[in-house]
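Visitor: Below you will find the structure I want to go over with you.
The values are calculated or read from the model by the stated rules, or taken from the named source; none is laboratory data. Since this is a predicted model, take the numbers as computed values, not measurements. Counting neighbours? That spans all protein chains shown, and the Cβs are built from the backbone with ideal geometry, glycine included.
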Amino acid sequence: MARLHLPLIPSGEITPEPVYLNRRRFMQVGTAAVLAPLLPSAQAADPLAGLAPLSSRPGPFGANEPLTDIAAVTGYNNFYEFGTSKTDPAENAHTLRPHPWSVTVTGACAKPANYTLEDLLKGQALEDRVYRLRCVEGWSMVIPWVGFPLSSLLGRFQPTRNAKYVTFTTLYDPEQMPGQRRSVLPWPYVEGLRMDEAMHPLTIIAVGLYGRVLPNQNGAPLRLVVPWKYGFKSIKSIVRISFDETAPTTTWNRAAPKEYGFYANVNPAVDHPRWSQKRERRIGELFRRDTLPFNGYAEAVASLYQGLDLKRNF
Amino acid sequence: MPASLWRIGVWGLLILPALWTIIGLQRGSLGPDPVEALMIASGIWALRLLLLTLAMTPLQGLSGWVWPLTIRRQLGLAAFFYALGHLLVFAVFDQNLDPAAAWREIVEHKAVWLGMLALALLLPLAITSTRGWIRRLGPNWKRLHRLIYPAAILAAIHFGFQVKADLREPLIYGAILTVLLVVRLPRGWQRGSRTPGHTTIS
Ligand code: HEM
């Protein structure tokens, strides 16, 4: 069974990447050749240097598409807790201390408690999940996450019948997250899912990417990934999980209710009030490509929303 | 220094942001989304140059220097070119040169529409920026060129509409624009000095 190795080992002692990475390498090289003129940042130092390798096995639902360059995945982020520009998180997130970490579990479940990260990860088999990520701003990436189904985590807390929604909260600590000193958003960041969305096999908790432990700017030490929803639903650096009877008021929804809904399913048919959602720029490509309903995962998830007016419930 | 050399020197400076951006594109230092970087660079420089253009008359009034007025038209024209470049990047890379899609995007989204309107207002100003047109239009030239005020206001609002949550930058530009417009309210200095090339008292 795969184990999460916490990056406590000095980087010098970390063994070279696991063999399984070779397959990824091969794909990367292919992508890199095409994108080289666009993404010379790929020549820069290894953005994952110092992050422990993870052992994982291939999981289901892999997107069979060229992976987005590591430099872009780790250097082009929206994580307002570290600043509002795309390069701020990579520059500023070194102040986050992902270890030790604990998560408070509360609400309608049989086992509410404060769990350490080690507790949460115990016995979780790590899987590779290559997912498309579509940002509400109109760009997208293909990211090889390492993680496990959210359902296998939530199941342990034994949610009760009253658990209709799951609410996640990001760390609030302006010392570690300097972006929180400005109230660009109502802190702390809160996101939520309907219970059936949370238990869906596509929904994962990611603890790594590209075979290594998550870099801070990508939401270390654990984050949500819901690939059929706009990126802002995939909340980072989670410290609290709550089972609730009613839907939470999520952060972007609170900040601009007419622009960001609770569902936030990727939907080319419903524009953002200020820009189109019909097309997206895949990072690394020059022209825009068509955005797919549910980010291309319609077959797996469209049934969750039968009878729901997706125009009104955007 | 002869006037033509002076003008060439000013153009040399005005082209630097474009040059810088193109070199960045070549070297790949514009980040993972170079198209967005191009949109931002062209848009922000168009706006900066518009504000700079508007700053020249107050600067002349405060300092008594003449040179701000001699470069004013160049600044305004450069603002137009940067905005044109911005539209070009939008049409080619954002809209894949699909005119129907571009048109839909412009009319369906207020933010883009405002930018388009700002550029449309600048177009006649750019066309009539030559000495020949100044002579031909006479006092109407100045009247026509007051369109820069609404154009700058629309451009600043357009900028504000593009931002997701962090309004700091647009607010700074908006504040500078407000100052530049407010100082025009009292007629502190003679209107005649505002006309480039020659003086008319209207
Ligand atoms: C005088 C004219 C204009 C000025 C000064 C201007 C200025 C700007 C500025 C400062 C930005 C913000 C960049 C950022 O996110 O920081 C922007 C964004 C944008 N502008 Fe303009 N603009 C003008 C005209 C136009 C026109 C004519 C169009 C298209 C028809 C347009 C479309 C856009 C779009 C789509 C964005 C969003 C770019 C992105 O975030 O990727 N603008 N503009």
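Visitor: With the requirement that a residue be in contact with a helix residue (DSSP H, G or I) (Cβ under 6 Å, 6 or more places away or on another chain) and not in a helix (DSSP H, G or I), what does region B:136-152 give you?
Guide: Listed by number, the list holds a single entry, B:Leu147.
Visitor: Of A:Tyr131, A:Tyr115, which residue is within 30 Å of A:Pro66 (Cα to Cα), surrounded by 14 or more Cβ atoms within 10 Å (Cβ to Cβ), more than 14 Å from every other protein chain (Cβ to nearest Cβ) and not basic (Lys, Arg)?
Guide: Among A:Tyr131, A:Tyr115, only A:Tyr131 is within 30 Å of A:Pro66 (Cα to Cα), surrounded by 14 or more Cβ atoms within 10 Å (Cβ to Cβ), more than 14 Å from every other protein chain (Cβ to nearest Cβ) and not basic (Lys, Arg).
Visitor: Evaluate region B:138-150: report whether one residue or more is within 11 Å of the ligand (Cβ to nearest atom) and among the hydrophobic types (A, V, I, L, M, F, W, C).
Guide: Yes.
Visitor: Turning to a different aspect of this structure: Checking the structure you have, find out if any residue of region B:124-136 is without any contact (Cβ under 8 Å) to a residue 60 or more places away in the chain, within 14 Å of another protein chain (Cβ to nearest Cβ) and not hydrophobic (A, V, I, L, M, F, W, C).
Guide: Taking every residue of region B:124-136 in turn, none turns out to be without any contact (Cβ under 8 Å) to a residue 60 or more places away in the chain, within 14 Å of another protein chain (Cβ to nearest Cβ) and not hydrophobic (A, V, I, L, M, F, W, C).
Visitor: From B:Ile157, B:Ile153, which residue is within 11 Å of the ligand (Cβ to nearest atom), within 14 Å of chain A (Cβ to nearest Cβ) and either modelled with pLDDT of 95 or more or under 16 Å from the mean Cα position of the chain (by Cα) (or both)?
Guide: B:Ile157
Visitor: Among residues belonging to region B:18-43 that are closer than 19 Å to A:Glu285 by Cβ and of a type in the set (Val, Ile, Thr), point out the one that is nearest to the ligand (Cβ to nearest atom).
Guide: Among those that are closer than 19 Å to A:Glu285 by Cβ and of a type in the set (Val, Ile, Thr), it is B:Ile40.
Visitor: Next up: How many of the residues in region B:160-180 are within 10 Å of the ligand (Cβ to nearest atom), assigned to a helix (DSSP H, G or I) and under 21 Å from A:Leu185 (Cβ atoms)?
Guide: 5
Visitor: Residues that are under 16 Å from the mean Cα position of the chain (by Cα), at least 1 per element: which strands (runs of 3 or more DSSP E) completely within region A:197-314 meet that? Outline the logic, then answer.
Guide: On the way: elements: A:204-209, A:223-225, A:238-244, A:279-282.
Ranges flagged: A:204-209, A:223-225, A:238-244.
Visitor: Okay, moving on. In region A:97-104, is there at least one residue being surrounded by fewer than 20 Cβ atoms within 10 Å (Cβ to Cβ), within 13 Å of chain B (Cβ to nearest Cβ) and either on the phi < 0 side of the Ramachandran plot or free of Cβ contacts under 8 Å to residues at least 24 places away in the same chain (or both)?
Guide: no
Visitor: Regarding B:Ala102, is this residue within 10 Å of the ligand (Cβ to nearest atom), at pLDDT 95 or above and buried (at least 19 other Cβ atoms within 10 Å of the Cβ)?
Guide: no
Visitor: Then there is this: Hey, can you tell me all the residues within region B:125-135 that are more than 15 Å from B:Thr53 (Cβ to Cβ) and part of a helix (DSSP H, G or I)?
Guide: B:Ile127, B:Arg131, B:Gly132, B:Trp133, B:Ile134, B:Arg135
Visitor: Kindly indicate the residue of region A:127-140 that is away from the ligand (no atom under 16 Å from the Cβ) and under 15 Å from A:Phe294 (Cα atoms) and also nearest to the chain's Cα centre (by Cα) among those meeting that condition. Even if it seems obvious, please write down each step before you answer.
Guide: The initial filter retains those residues of region A:127-140 that are away from the ligand (no atom under 16 Å from the Cβ), namely A:127-133.
Then keep just the ones that are under 15 Å from A:Phe294 (Cα atoms); that gives A:131-133.
Working: A:Tyr131: 10, A:Arg132: 11, A:Leu133: 8 Å.
Once the filter is applied, the top-ranked residue is A:Leu133.
Visitor: Restricting to region A:291-310, name every residue that is touching a strand residue (DSSP E or B) at 6+ places or on another chain (Cβ under 6 Å) and more than 17 Å from A:Phe61 (Cα to Cα).
Guide: Hit for region A:291-310 is A:Thr291, nothing else.
Visitor: Taking region A:263-296 on its own, how many of its residues are over 15 Å from A:Cys135 (Cα atoms) and touching a Pro at 6+ places or on another chain (Cβ under 9 Å)?
Guide: 2
Visitor: Go through (1) without any contact (Cβ under 8 Å) to a residue 40 or more places away in the chain; (2) within 14 Å of another protein chain (Cβ to nearest Cβ) for B:Thr178 and report which single condition fails.
Guide: Only one criterion in (1) without any contact (Cβ under 8 Å) to a residue 40 or more places away in the chain; (2) within 14 Å of another protein chain (Cβ to nearest Cβ) is unmet by B:Thr178, namely (2).
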